[in-house]
Every structure is written in C-alpha cells, then in structure tokens.
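Heads up, the thing below is written out as structure tokens.
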Amino acid sequence: MNILVLGAGQLARMMSLSSTHLDLHVLAYDVASKQVMNPVTFDVTSYTLAQAIERSDAITAEFEHIPHDVLTLCAQSGKFYPGEQAIKTGGDRALEKALLDKAKVACAPYQLITEKSHFLTAIDSLDLPLVVKTCQAGYDGKGQWRVKSKDDVESIWSEMAQFLASGTDTLPHTIIAEKMIPFDREVSIIGVRDKHGECKIYPLTENQHTNGVLTLSIAGKEKPTIEQQAKDAFNALAQELDYVGVLAIEFFDVQGQLLVNEIAPRVHNSGHWTQQGCHVSQFENHMRAVAGLPLGSTELLRPTAMINVLGQAAIPTQVLAVSDTTSHWYGKSAKPGRKMGHINVSGSDLLQLSERLEQLAKVLPEQDYPGVSQTAHNLKGI
C-alpha cells in the first residue's frame, strides 16, 4: 500500500520508518520545494503532486500549515486523513477555539482580535495579564506577546497591526487574546481513531518547555482521575471532527483541572516516547489508522522519558551506555534551536527511570539539555 505524507520533515521520516514492516510504502511531498521524495533517504522522485496523489492509497500530513490549494487537491481525492477541516483547524487558533466551544471542551477565556478596539475590549473584559497569539501562524513560542500592563499596549499593538495587515482577502489574519492562567504544569494526551470510530489513547504525558520549546516529556506518573479528563476531551474532539489518525491535545493543569492550550492534528513531539514506551508507537498507529489497518496497543509498557535534542550537531554517543536508552537522529543540518533528534530512556519503574536520567545528566550539559537532572531528582520523591 502506498502512503503520501504532506511534509518531508522528521515526522514523515519516523512515520515511514515505523511502517515498512507493515508493507506500507511512504513518499513525502515537500511543500516548500514542491518535490516528492523519500522522507528517509531524501531521494527526489520524478512524480508531480498530482501523480503522487494518483498512485497513493491514502494521504496524510505531518504538519498543519499546508497551502489550502494543496489541501483541497488532496481532499478531492477522497483519500486524505485526518481530513481537510482537521488540518485547517489545527493551523488556525480561531477555528480551534470554535471547535473547543462546540465540543464543550474547556479552555482559557479568550477574545478574537481583528482591530484595535477588540484588543482594548480584551484588556477590559479578560483583565491583565494576557497572552496574545497569532491565529494563523506561530509555533514553539513564536508569534506570541505577553501583555502585563497597559504601558505595553501601544508597542505590542504596533507589532500586532503589522501581522493583521499582512493578511489577504482570501486568507485574512486574526489574533487571539487569552487570559493568562497560572498553571501548575503542562501535559498532553496522544490518541488515535480509526475509520470505524474506534479510539485508543496513550497515557497522559507531562511536558517541560524552555523558551516556549518542548525539551522533555515523561509518561508513566499520572493518576487516573486527571488522565480521564484528557481522555474525555480527546473523545469529544475526535468525534466532532470525525477524525482518522493520531491527534494530540496539549493542556494546562490548573490545580487538577485541565484546560486545552492547543491541538495538533498529527503525530506530536510529546508522543515520541511511545517508540520505546509502548508496544505500538504513535507513528505506527497513525499509519495503521490512515491505511485502514487495525489499531495497535497504546498501553504503557514501562515509564519512559523523551529528551529533545535542540540545535546540536550530534547526540553524544555516551548516552547509549545507559541501559534502555535509544537515540533518534533526524538527519538535518544543525541550526540554533532546531529539533535535531531525541533521546528515549525507560525504566522498570519511576525510581529506575530517575536513576537512568541521572546517568544521562552526566553526559548531557544542562545548558543544552535543560531539566534532565531536575527531573531525575523529582521522580525520586514520587
């Protein structure tokens, strides 16, 4: 069976690597170069997008910000999963909020902004501080402002106005202001839904961010009560979208109450731990879903942590000396802050996982791999 992935980055690469044993053959469409290629070897084919769509049995995506003409062409084939609306919703925070409201899934109070009066209304109605985000662009902490006092309004509005003006009649730009909620931590849920509506959900994952970018995720330490909130949200949103494939939902944990931060209609960085922590990873389950194959188990085999490798030229080989540690390299050229790979480490229980994280901290500098040592220390107290 032939699968076409829109996007040719590391997620397409891992989807391909995860599914060769299922006799699934993956090509990727690089939307920037408009080339169809092998996402593992990066060999470019002679196929046009139209030809790649024609030869494919199913089409999916590794990211949300796909040109609408490409989305429409793929959707018209009847082979595109999770669907055009799901991808558009994941790439537009205004559509995302509308989905959350319709599905009755809790999120922070918000106000859409297309002109300055809306911005002033948000300040009055939501109170300060506010976090302000672009709706159609921005990720990993980009395209965001913090409004802490009324003295910030004019300077921030100047930047917001430039973004709004860069929209077009066919693709207008909007901005959203959210009440800044003091939260205890950030967590996410990764689940998968097949073409028949069956859902399977991975354990809730705790995430740590540095400068708005995910640096470490850990699974295997959650209590059933809070995990059920996340599962209920997944089921509601997946059903509302008639979703097929893996869907990720990020939450703020506010004293045990989960509020959705954002959704991602695709495999997700915070689910990379599933490669070693579960019998079937998020990547394989996504490919099973879009190919119409039975879903695999999402049960936790053992507590597992994922450490992002950001901007490094290589992963230190010494990490492989630590038991149950696996390195994953994406084959990209190094740039500051760029996701270059990740490290998964597992333990039979949380204490053993903490000991292995402690070993890794000795070969992973804190300035390059923040939080590894502290996470090891925190796990000892659970």
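Note on region 1-36 and region 223-286: Cα centroid distance 22 Å, given to the nearest whole angstrom.
Counting charges near Met287 (Lys, Arg +1; Asp, Glu -1) among other residues having Cβ under 15 Å from its Cβ returns a value of +2. Using a cut-off of 9 Å between beta-carbons, work out the net charge of the residues near Leu350 (Lys and Arg +1, Asp and Glu -1, Leu350 not included). For residues surrounding Leu350, the net value is +1. The length gained on full extension between Ala236 and Ile156, counted as 0.36 nm times the residue separation minus their Cα-Cα distance, comes to 25.2 nm. GNM remark for the chain: springs join alpha carbons under 10 Å apart, and the peak mean-square fluctuation among Val153, Val26, Val40 falls on Val153.
Based only on other Cβ atoms within 10 Å, what is the fewest-to-most ordering of Thr45, Thr215? Walk me through the numbers on the way to the answer.
Values: Thr45 13, Thr215 20.
Sorted ascending by nearby Cβ count, the order is Thr45, Thr215.
FRET efficiency for the pair Ala137 and Val70, taken as 1/(1 + (r/R0)^6) with r the Cβ-Cβ distance and R0 = 22 Å, rounds to 0.85.
Counting only DSSP H runs of at least 4 residues, each contributing -39500 (n - 2.57), and dividing by the residue count of the chain, the helix-based mean residue ellipticity at 222 nm comes to -9000 deg cm²/dmol. Over 25 Å apart at the Cα level, from the set Lys34/Lys335; Lys148/Lys339; Lys88/Lys148, are Lys148/Lys339; Lys88/Lys148. Comparing mean-square fluctuations of Tyr330, Tyr81, Tyr202 from a GNM of the chain with C-alpha springs under 10 Å, the top value falls on Tyr330. Projecting label points 7 angstrom from Cα along Cα→Cβ for Gln144 and Leu171 puts them 2.3 nm apart.
With a cut-off of 8 Å between alpha carbons and a minimum separation of six or more residues, what is the relative contact order of the chain in percent? That works out to 13 percent. Here region 2-80 carries DSSP beta bridges of which approximately 30% are antiparallel, counting only pairs with both residues inside.
What's log10 of I(q)/I(0) for region 240-382 at q = 0.09, 0.11, 0.22 Å⁻¹, Debye sum over Cα points only, no solvent? Evaluating at q = 0.09, 0.11, 0.22 Å⁻¹ gives log10 I(q)/I(0) of -0.32, -0.48, -1.40. Other residues lying with their Cβ under 9 Å from the Cβ of Gln136 contribute a combined charge of 0, Lys and Arg counting +1, Asp and Glu -1. Once the Cβ-Cβ distance of Thr210 and Ser46 is raised to the sixth power relative to R0 = 56 Å, the FRET efficiency obtained is 0.85.
Applying 0.36 nm per residue to the separation of Ala314 and Ser33 and subtracting their alpha-carbon distance, the gain on full extension is 98.6 nm. Paramagnetic label reach from Ala334 (point 7 Å along Cα→Cβ; backbone nitrogen cut-off under 17 Å): within region 351-382, residues 363-370. In terms of other Cβ atoms within 10 Å, Lys133, Lys102, Lys332 run from fewest to most in the order Lys102, Lys332, Lys133. Among rounded, prolate and oblate, which fits region 86-127 when a ≥ b ≥ c are the square roots of the eigenvalues of its C-alpha gyration tensor, a/c under 1.5 means rounded, and a/b larger than b/c means prolate? In terms of gyration-tensor shape, oblate.
Each residue in Glu355, Glu206 was given a count of other beta-carbon atoms within 10 angstrom of its own, and listing them fewest first yields Glu355, Glu206. Of all lysines in the structure, those lying under 20 Å Cα to Cα from Lys150, and not within fewer than 8 positions of it along the same chain, are Lys116, Lys133, Lys179. Largest mean-square fluctuation among Ala219, Ala75, Ala230, in a Gaussian network model of the chain whose springs join Cα atoms under 10 Å apart, belongs to Ala75.
All Cα-Cα distances of region 2-80, cut into 10 Å bins from zero to the largest, leave 21, 59, 20, 0 percent in each bin in turn.
Return the ratio Rg/(2.2 N^0.38 Å) for region 109-179, where Rg is computed over Cα atoms only. Before the final figure, lay out the partial values.
Numbers: Rg = 11.3 Å, N = 71, 2.2 N^0.38 = 11.1 Å.
Against the empirical 2.2 N^0.38 Å value, I get 1.02 for region 109-179.
Every number in this text was worked out from the coordinates using simple rules, so none of it is lab data. Keep in mind that what you see is a predicted model, and the values were worked out from it rather than measured. Cβ sites come from the backbone with ideal geometry, for glycine too, and all protein chains shown count toward neighbours.
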